[in-house]
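Student: What follows is a single structure, and I will ask about it in a moment.
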Amino acid sequence: MSTKLPFQFKPDPAAASPLYMQLAHKLAQAIREGQYQADEALPSERVLSESLDLSRVTARKAIDRLVEQGLIVRKRGSGNYIAPKLEQPLSRLTSFSEELHQRGFKPSSRWLTRGFAMAAPDEQLSLGLTTGQKVARLERLRLADQVVMAYELSVLPEAVLPEPQKVDSSLYEHLARLGRAPVRALQHIRAINADSRLAGLLEVPVGQAVLFITRVGYLDQGQAVELTHSYCRSDYYDFVAEMRRDG
């Protein structure tokens, strides 16, 4: 485990916040500035307390605070590690698995449902279906290095995905093998507060803000083949858009 401390910390006795909050703030700043990398081990409570001349209780409470914020992940029997962070550009259509692979993370899914259902009215509208048509419905948790990053519900016409049980890790890879992978998509992003069910799935407190993303994917010919609703942990997800001014 790493013992380096790439930051300076001086307690402020005049500050209104308790000492452990001051340390938590300093650690969070170091993580966000890239002084610690994703999956890197954080110095132990003992190392922090001895290096900074603080009590182990203070160090433990500071780490507890960062765990609550999603910046640190505890791995039983191993230690505390910097949580993965997914920065997803908005100008490129990629799958969750592709994005994670490109950033050195190991993607995986925890399947909740894979089957068929009658298309709901909003699904009929988004996918251009008629009343009574069936859709494949894929519901799962998306993980990076075993950390839950998002809850995702994908809906596709039965003709596009006739065997949903065969989808393994990447839906887009499966669709590519079938010759039905989307080539463009429209995506809408907004913030919502997690209700009790969503909070339980994402392992966050009830009421915490999450990113709600709705995407409709299209083939070259303009046919809508995918409707996906994603609920992403805002402490793990960043969306980046590059903008240019004409002239």
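The values are calculated or read from the model by the stated rules, or taken from the named source; none is laboratory data. Keep in mind the model is a prediction, meaning the values are calculated, not measured. Backbone-built Cβ (ideal geometry, glycine too); neighbour counts: all protein chains shown. Protein only, heavy atoms only, side chains kept; ligands, DNA and RNA dropped before computing areas. Shrake-Rupley method; radii C 1.70, N 1.55, O 1.52, S 1.80 Å.
Student: Kindly indicate whether Ser97 is of a type in the set (Ser, Thr, Tyr), at pLDDT below 85 and surrounded by 13 or more Cβ atoms within 10 Å (Cβ to Cβ).
Tutor: The answer is yes for Ser97.
Student: Tell me which of these Val147 doesn't satisfy, since it passes every other one: (1) open to solvent by 30 Å² or more (accessible area, probe 1.4 Å); (2) modelled with pLDDT under 85.
Tutor: Result: Val147 passes all but (1).
Student: In addition: Residues of segment 129-158 being within 14 Å of Ala119 (Cβ to Cβ) and either without any contact (Cβ under 8 Å) to a residue 24 or more places away in the chain or in contact with a Cys (Cβ under 7 Å, 6 or more places away or on another chain) (or both), which ones?
Tutor: Listed by number, the residues that qualify are Thr130, Thr131, Gly132, Val135.
For every residue, the table says whether it meets (1) of a type in the set (A, V, I, L, M, F, W, C); (2) over 16 Å from Asp235 (Cβ atoms); (3) without any contact (Cβ under 8 Å) to a residue 12 or more places away in the chain; (4) open to solvent by 40 Å² or more (accessible area, probe 1.4 Å).
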site: Ala16; (1), (2), (3), (4): yes, yes, yes, yes
site: Tyr20; (1), (2), (3), (4): no, yes, no, yes
site: Leu27; (1), (2), (3), (4): yes, no, no, no
site: Ile31; (1), (2), (3), (4): yes, no, no, no
site: Gly34; (1), (2), (3), (4): no, yes, yes, no
site: Gln37; (1), (2), (3), (4): no, yes, no, yes
site: Glu45; (1), (2), (3), (4): no, yes, no, no
site: Ser51; (1), (2), (3), (4): no, yes, no, yes
site: Ser55; (1), (2), (3), (4): no, yes, yes, yes
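Student: Being crowded, with 16+ Cβ neighbours inside 10 Å and either assigned to a strand (DSSP E or B) or free of Cβ contacts under 8 Å to residues at least 60 places away in the same chain (or both) is the filter here; which residues of segment 159-183 pass it?
Tutor: Residues of segment 159-183 that are crowded, with 16+ Cβ neighbours inside 10 Å, as a first pass: 160-161, 164, 167, 170-172, 174-175, 180-182.
Hits for segment 159-183 are Leu161, Pro164, Val167, His174, Leu175, Arg180, Ala181.
Student: Within segment 169-180, does at least one residue satisfy the condition of being touching a Leu at 6+ places or on another chain (Cβ under 8 Å) and more than 19 Å from Ser109 (Cβ to Cβ)?
Tutor: yes
Student: Continuing with the same structure: When the residues of segment 191-204 are narrowed to those that are touching a residue at least 12 places away in the same chain (Cβ under 8 Å) and out of contact with any Lys or Arg (no Cβ under 7 Å at 6 or more places or on another chain), which ends up nearest to Arg74 (Cα to Cα)?
Tutor: The extreme case among them is Glu203.
Student: I've got another one for you. Identify, by number, the condition in (1) within 28 Å of Asp39 (Cβ to Cβ); (2) open to solvent by 30 Å² or more (accessible area, probe 1.4 Å); (3) in contact with a Lys or Arg (Cβ under 7 Å, 6 or more places away or on another chain) that Phe116 doesn't meet.
Tutor: Unmet condition: (1).
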